[in-house]
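Report on the following structure.
The values are calculated or read from the model by the stated rules, or taken from the named source; none is laboratory data. No experiment lies behind these values; they were computed from the predicted model shown. Positions of Cβ are backbone-derived with ideal geometry, glycine not excepted, and every protein chain shown enters the neighbour counts.
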Amino acid sequence: MVPVKWRELALLAAACLFFLLAGQAFLPLIGIEDDESLFAWPLFSPLGAIYHYAFFQWHPPIMLMSYLGCLKTWLYEPLFGRFGTGVWTLREPMLLAGAGSLCAFYFLLRRVAGARAAALGTVLLAADACYLLTTCFDWGPVALQHLLIVTAMLLVLRFAQDGGLLCLAAGCFLFGLALWDKALAMWMISGIGLAALAVYPRPVLRALRPRVVLVAAAALALGALPLILYNVHSNFDTFRGNARRDVSELPKKAAMLASTLRGHALFGYLADEDWQTPSPHPLSGALDSAAASVAAAAREPHQNWMGFAFVLALLLTPFAGAAAIRANAFALIAMLVAWLEMATTKNAGGSVHHSILLWPLPEWIVAVALAGVSRRFCRIGLAALAAVAALLVASELLVMDQYYVQMARNGGSASWTDAIFALDAYAAAPHPPQNKPWQEIYCVDWGVLDPLRMLSAGALPLSVGDLPGRDELVRMVSAPGHVFVTHTPELRNFPANDQKLEQSAAALGYSRKLLGSVTDSFGRRTFEIYTFVVK
């Protein structure tokens, strides 16, 4: 390998610094969504994981769901213990993980296609709004998936090029950790494996010596050991519960992939659109005013040019040289295999947090093709590449700016409302008539329980507001100090939950009494708190 030059390191540092600084601007703009905070459940409740492993007197949480492991839970336990819970503690580590992914991607692409492609791909990835936002607000979760898989690819490639079983073992161990973190990593891992076998059959088959296979399999199994233990003890529930196929929504899922590539997929999801916000915040600070001016001058763009660049890259790849053709064939096959697996899985592939798992392969394909073609034209090619890169990055940054403006001006959507912070403070305060905190808080609608549990570090007496049996229902609605929290009617995710609860309480002679409501920072009523009284 050619030694890394200081100019390369400076560019990589600039890309990572931009990614981190851009993330700082977004971090406090919206509230905490339920899935973003789900991983913290086992830290504050012994029932938060579906599977614990008994190791002498230690019973660590292993699996949150049949396909979602507790790796992130383990990583955050010392962080929450040292720095407390909150927006910054929650989001900064994943933003750092995203910056780590950028570094790994740079060195991976440098080994694949050289410094020119690595620079272009990394800059494009750093400016990708969907990549930044899905990392910053890690509800997928996806941040650790990107870091683990890209770093694993780098280590395995280093083994293939330079030898050394330690790199192979480390890479396969990280692949195993990715599987434990989220079993859906199998989509990308299988895509990478099949692509390597299809494009580089001779090197792959030549490397499959017994010792190599044994080391790789052992390291992979060690990384995925928690997932393996769970499946051994649950009759392979990960596969039985998540392997159902459905091809009815393939066009819709393809549209979501294209929307993610163009940077459009998160508009209207993370932040409300203008028509949904009757009283937007005035943008008066220097950063907000500058961002609003840029957005207005650019006519508030909602998509970048990466979709066009991706198609162009596919057309130009045959002219980029033999090595570039193989590299892009590998990336394209890996993408197609992984996407077909997710798109044909029931209840998967239709959201941006699934499609973004294919990243950074789109940037790989664009960077390898354009860099390869540019080398054919010497200095003119380099200047042309710089111009194209500038246009692509500018289009990405304009979309990122538009996201920022909408979040700062309109706030988060119902799932990402900043009213959750006011609700946390309100729920912890003393309340009449006893002038004490509530004894039990039942979260009736989805999107309330997990954020409150994390923000309060488990201090609030929270329970799921599911409809129980008759005796438990009587206790819920009759005991003093028991309250019920839900969204306002127009924002409810599952309105039937409140309706069934009220109907069942009415049959016992109780009626609903509204105690108060909580608004977001825009004055919009978001949450309702109520109790039940005898009719």
Note on region 419-433: residues surrounded by 15 or more Cβ atoms within 10 Å (Cβ to Cβ) and not in a helix (DSSP H, G or I) are His431
Could you grab me the full set of residues in region 417-472 that are touching a Cys at 6+ places or on another chain (Cβ under 9 Å) and among the aliphatic types (A, V, I, L, M)?
-> Leu449, Leu452, Leu462, Val464
Give region 1-50 a look and list any residue that's at pLDDT below 90 and either under 25 Å from Leu154 (Cβ atoms) or surrounded by fewer than 21 Cβ atoms within 10 Å (Cβ to Cβ) (or both), or say none.
-> Met1, Val2, Pro3, Val4, Lys5, Ser45, Pro46, Leu47, Gly48, Ile50
Criterion: modelled with pLDDT of 95 or more, in contact with a Phe, Trp or Tyr (Cβ under 8 Å, 6 or more places away or on another chain) and among the hydrophobic types (A, V, I, L, M, F, W, C) - qualifying residue of Leu336, Leu257 | Leu257
Only helices (runs of 4 or more DSSP H) wholly contained in region 102-218 count here; list those with 2 or more residues that are in contact with a Pro (Cβ under 8 Å, 6 or more places away or on another chain) and closer than 25 Å to Asn242 by Cα.
-> 143-162, 165-181
Residue count, region 516-535 (criterion: closer than 25 Å to Pro433 by Cβ and surrounded by 14 or more Cβ atoms within 10 Å (Cβ to Cβ)) = 10
Here are some conditions: (1) over 22 Å from Ala265 (Cβ atoms); (2) buried (at least 24 other Cβ atoms within 10 Å of the Cβ); (3) among the β-branched types (Val, Ile, Thr). Thr122 meets all but one. Which one does it not meet?
-> (1)
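Residues checked against (1) buried (at least 18 other Cβ atoms within 10 Å of the Cβ); (2) touching a Lys or Arg at 6+ places or on another chain (Cβ under 9 Å); (3) at pLDDT below 95:
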site	(1), (2), (3)
Tyr67	yes, yes, yes
Cys70	yes, no, no
Pro78	no, no, no
Gly81	no, no, yes
Gly86	no, no, yes
Leu95	yes, no, no
Phe105	yes, no, no
With respect to Val247, is the statement that it is part of a helix (DSSP H, G or I), of a type in the set (Val, Ile, Thr) and more than 24 Å from Pro360 (Cα to Cα) true?
-> no
Residue list for region 150-166, filter: under 27 Å from the mean Cα position of the chain (by Cα) and of a type outside the set (Ser, Thr, Tyr) = Val150, Ala152, Met153, Leu154, Leu155, Val156, Leu157
Looking only at region 257-316, which residues are surrounded by 21 or more Cβ atoms within 10 Å (Cβ to Cβ) and in contact with a strand residue (DSSP E or B) (Cβ under 8 Å, 6 or more places away or on another chain)?
-> Leu270, Ala271, Asp272
Looking only at region 49-104, count how many residues are among the polar types (S, T, N, Q) and either closer than 29 Å to Gly121 by Cβ or in contact (Cβ under 8 Å) with a residue 40 or more places away in the chain (or both).
-> 3
Checklist (1) within 26 Å of Tyr67 (Cα to Cα); (2) buried (at least 24 other Cβ atoms within 10 Å of the Cβ) applied to Ala170, failing item = (2)
Yes/no for Leu29 being more than 21 Å from Gly140 (Cβ to Cβ) and hydrophobic (A, V, I, L, M, F, W, C) = no
What number goes with the only condition from (1) in contact with a helix residue (DSSP H, G or I) (Cβ under 9 Å, 6 or more places away or on another chain); (2) at pLDDT 95 or above; (3) more than 27 Å from Trp74 (Cβ to Cβ) that Leu174 does not pass?
-> (3)
Out of Glu396, Glu472, report the one residue that is of a type in the set (D, E, K, R) and either at pLDDT 95 or above or more than 28 Å from Ala40 (Cβ to Cβ) (or both).
-> Glu396
Determine, yes or no, whether Val388 is of a type in the set (Val, Ile, Thr), at pLDDT 95 or above and either within 23 Å of the chain's Cα centre (by Cα) or crowded, with 20+ Cβ neighbours inside 10 Å (or both).
-> no
Failed item in (1) free of Cβ contacts under 8 Å to residues at least 12 places away in the same chain; (2) of a type in the set (A, V, I, L, M, F, W, C); (3) farther than 16 Å from Ala160 by Cβ, with Ala217 passing the rest = (1)
Just name the residue that is surrounded by the fewest Cβ atoms within 10 Å (Cβ to Cβ) out of those in region 204-245 that are of a type in the set (Val, Ile, Thr) and in contact with a Phe, Trp or Tyr (Cβ under 9 Å, 6 or more places away or on another chain).
-> Val212
Output for Cβ contacts, cut-off 9 Å, separation at least six or different chains, first residue touching a residue at least 60 places away in the same chain (Cβ under 8 Å) and in a helix (DSSP H, G or I) in region 293-313, second buried (at least 17 other Cβ atoms within 10 Å of the Cβ) and of a type in the set (D, E, K, R), reads Val294/Asp401; Ala295/Asp401; Met306/Asp128; Met306/Arg262; Met306/Glu363; Met306/Glu396
